[in-house]
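To start, the structure under review is shown below, and the notes come after it.
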Amino acid sequence: MKTLTAARAARLASTAAAGPDRGVLARRAWRLLLAAGDAGDREAIDAVWHQWLREPRQDAFDALRRWRPGFVREVCSLAVSPTVGPASRARMAAICVEQGIAPDDAAERVVFHLLTGQFEKVHDSDPALLAEGYQTADPALRAMLRDALAADGDFDLPRILGADDLTDDEAGFLAGHFAATRDWDRLWRLTTELPVRAAVTAVRRFDDWRPDDPAGRALFARLARSDPDLIEAAERELRATSVRIPVESHLTAAAFAPDGRSIVLAAGDGRWHADPVRRYALPDGGQLAQWPVTVHEGALLDLGDVVLLEERIHGYRLDELTAGARRTLFFAAAHRGTGNGPPVQADDGFVTTIDGHELLVGAGRPLTVQRIPALRLPPPRWSHCRPVAADPRSGRLAVAGQRSIAVLAPNRQAVAWTDDTRPIDEAVFLDPEQLVTSDGVHLTRWEISGRRLVSAATRPHAGLTHVTALRDRGQVLAVGPHGFAQRTRLRLFDAGSLDPAGELPALFDRPAWCVWASQDGGRIVCSDRDGIAHVHDVVSESVLDALTRPAVRLAPVDAERLATARRRATDGTGPEGWRREYGPAVHEALDVLTAILRHRSLVA
């Protein structure tokens, strides 16, 4: 038999839709389609299928069931699909009930019976199947299932919805169910386990009922005084603290201002192209200043009123950038380019090194530079030493030699040092008594014990650069390869054990190129290969994470992070001098979160 064209098959299907009892032409068209379909003509089968969707007929149903192997599943899917209109869904559901068809999968079948109103069959099935079907469904289908569950009302809703990671809609649905049945004890238990905004919303459903215990009554009163719209505004404000700044290429240097209100960026390809050094406001990312200088190879240090620019591409040069001027503080044309590290802040000045033999210390305004020829350190002899980290709280400085590390007091006297060890690439203070170093192969955490730096933990982590301490999170951040493809990522490690603790994938869309942090670890900036600098407020992100996480999953570390944020919010000054002004919405969210943590005995 000759196959039909799509146009002819569509005309035959339209003619045949009148039915076999409606005339000679309709019967003849249907015979032609049947013969073509039985012969496997795809155009005929598709034409009958599309016509049946518009005008369902029993003879077409029987033929399609014979022709299309997945026909029953397709019809059942249409009967419960969120993308199909209500009238079409109802028509398909009626056909399924009339024909007695349902999906083969047990969990899908229970969901199908619920959405098509066959409640008796749902109640006769295993309750675990309905819970499985709901929890594996997509969000749109879950919304339809909640409507169907509400229509019957005789289900174990907490078991079906699951106890973990309830969405706002699911929390509201469950809270409404408990309120409608006046099950106040279960509603209160649910309220204390929800994220902050959902808890503030749920507490409004109570009548005159109150918890029996004093701690519960205190939390109830604090939730009742709050406003869900205000908590939502706090979430938006905290989310807006992260900003994307286009820099046209990748970052070559970056530095945060001590007060956290701005950042200085230098960008380029590292060889031929470089952008001017620019200062941007935070958190909005607007440009504040620009200097007609470029950084191909060097470092930046922002002291607030002064930006320090260190260049090492043609000799060694140290410049001071102020509001409208550039002044050279030090220049050495014959510098060998070995043993150097970026300048680190010390009090209101800086410390760096020249050729690994002497320190360069800057202080005062205007900055004056002093050269210190030798470090007063114990053996082994300190050749090629360089400052690698500074602790903003204590003023201590970490310096690294070829085979040793030392911690210096603000007066440059040695506090503690290591014995013979591998040369290190980078270091960062966790606190005045601990620092983490990377030697390119291992991460090591050192503790001061007497006059010695003692290794407290070491783990093999190769290829890490830009090691940063996120003190608020109790983690160490570094750029390094990860996974089978060894893609460059922002990797996290537990600050105590140095075990891997995941990644920060939400900060950028592509692999990270490099990362810098503020001295207190409260903010980081990373650059991707697409020329975007991603500035990320770690403290605000931690608070946002706690606000949007179910209260049942809060932990003691959240109380520590909240304490840092509250210092920002109430004093305007963090422990390291980082200034920030949160709005009233964030103040309210912090107060409510504190009450929840106190109720869960996570804070005093």
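The values are calculated or read from the model by the stated rules, or taken from the named source; none is laboratory data. Note that the coordinates shown come from a computational prediction; the quantities given were computed from them, not determined experimentally. Reconstructed Cβ throughout: ideal geometry from the backbone, glycine too, with neighbour counts over all protein chains shown. Remember, those area values only see protein heavy atoms, side chains included, never the ligands or the DNA or RNA. Shrake-Rupley method; radii C 1.70, N 1.55, O 1.52, S 1.80 Å.
Of note:
- Conditions (1) part of a helix (DSSP H, G or I); (2) open to solvent by less than 50 Å² (accessible area, probe 1.4 Å): number failed by R66: (2)
This table checks each residue for (1) closer than 20 Å to F71 by Cα; (2) among the aromatic types (F, W, Y); (3) part of a helix (DSSP H, G or I); (4) at pLDDT below 85.
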{"position": "L12", "(1), (2), (3), (4)": "no, no, yes, yes"}
{"position": "A18", "(1), (2), (3), (4)": "no, no, no, yes"}
{"position": "D46", "(1), (2), (3), (4)": "yes, no, yes, no"}
{"position": "H50", "(1), (2), (3), (4)": "yes, no, yes, no"}
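- Condition broken by A60, with the remaining ones in (1) surrounded by 16 or more Cβ atoms within 10 Å (Cβ to Cβ); (2) modelled with pLDDT of 90 or more; (3) part of a helix (DSSP H, G or I) satisfied: (2)
- Leading residue by the ranking (surrounded by the fewest Cβ atoms within 10 Å (Cβ to Cβ)) among those in segment 94-115 that are of a type in the set (A, V, I, L, M) and within 17 Å of A140 (Cβ to Cβ): L115
- Test: D138 is more than 30 Å from T594 (Cα to Cα), charged (D, E, K, R) and under 25 Å from the mean Cα position of the chain (by Cα): yes
- Test: L443 is assigned to a strand (DSSP E or B), touching a Lys or Arg at 6+ places or on another chain (Cβ under 7 Å), open to solvent by 10 Å² or more (accessible area, probe 1.4 Å) and modelled with pLDDT of 85 or more: no
- Some residue of segment 163-172 being among the small types (G, A, S), under 26 Å from E132 (Cβ atoms) and open to solvent by 20 Å² or more (accessible area, probe 1.4 Å): yes
- Single match in A240, A299 (criterion: under 30 Å from A198 (Cα atoms) and aliphatic (A, V, I, L, M)): A240
- Residues of segment 320-339 satisfying the condition of being surrounded by 11 or more Cβ atoms within 10 Å (Cβ to Cβ) and at pLDDT below 75: H335, R336, G337, G339
- From A39, A44, residue being touching a residue at least 24 places away in the same chain (Cβ under 8 Å), over 46 Å from the mean Cα position of the chain (by Cα) and buried (at least 19 other Cβ atoms within 10 Å of the Cβ): A44
- Helices (runs of 4 or more DSSP H) lying entirely in segment 167-238 (those with 1 or more residues that are over 28 Å from the mean Cα position of the chain (by Cα), at pLDDT 90 or above and among the hydroxyl-bearing types (S, T, Y)): none
- Scanning segment 134-148 for residues that are exposed (fewer than 15 other Cβ atoms within 10 Å of the Cβ) and outside any helix (DSSP H, G or I) yields a total of 2.
- Pairs are defined by a Cβ separation below 8 Å, a sequence spacing of at least 6 or placement on different chains, a first member in segment 69-88 that is among the aromatic types (F, W, Y), and a second member that is open to solvent by 30 Å² or more (accessible area, probe 1.4 Å) and not in a helix (DSSP H, G or I); no pair meets this definition.
- Some residue of segment 372-392 being surrounded by fewer than 17 Cβ atoms within 10 Å (Cβ to Cβ) and at pLDDT 75 or above: no
- Checked against (1) over 24 Å from G362 (Cβ atoms); (2) among the hydrophobic types (A, V, I, L, M, F, W, C); (3) at pLDDT below 85, A281 passes all but condition (3).
- Selection of segment 205-223 for residues being in contact with a Leu (Cβ under 9 Å, 6 or more places away or on another chain) and open to solvent by 70 Å² or more (accessible area, probe 1.4 Å) yields only R205.
- Breaking point among (1) over 19 Å from the mean Cα position of the chain (by Cα); (2) open to solvent by 30 Å² or more (accessible area, probe 1.4 Å); (3) more than 16 Å from A517 (Cα to Cα), for D494: (1)
- Scope segment 239-255; condition open to solvent by 50 Å² or more (accessible area, probe 1.4 Å), closer than 20 Å to V592 by Cβ and either modelled with pLDDT of 95 or more or of a type outside the set (D, E, K, R) (or both); matching residues: A240
- Candidates L33, L4, L25: the one that is open to solvent by 60 Å² or more (accessible area, probe 1.4 Å) and farther than 30 Å from P139 by Cα is L25.
- Flag for G496 being closer than 26 Å to R566 by Cα, modelled with pLDDT of 80 or more, assigned to a loop (DSSP other than H, G, I, E, B) and not charged (D, E, K, R): yes
- Subset tally (residues that are open to solvent by 40 Å² or more (accessible area, probe 1.4 Å) and assigned to a helix (DSSP H, G or I)) for segment 74-87: 5
- Scanning segment 446-466 for residues that are at pLDDT 85 or above and either within 22 Å of R396 (Cβ to Cβ) or exposed (fewer than 14 other Cβ atoms within 10 Å of the Cβ) (or both) yields a total of 14.
- Residue among A565, A589 that is modelled with pLDDT of 85 or more, buried (at least 23 other Cβ atoms within 10 Å of the Cβ) and among the hydrophobic types (A, V, I, L, M, F, W, C): A589
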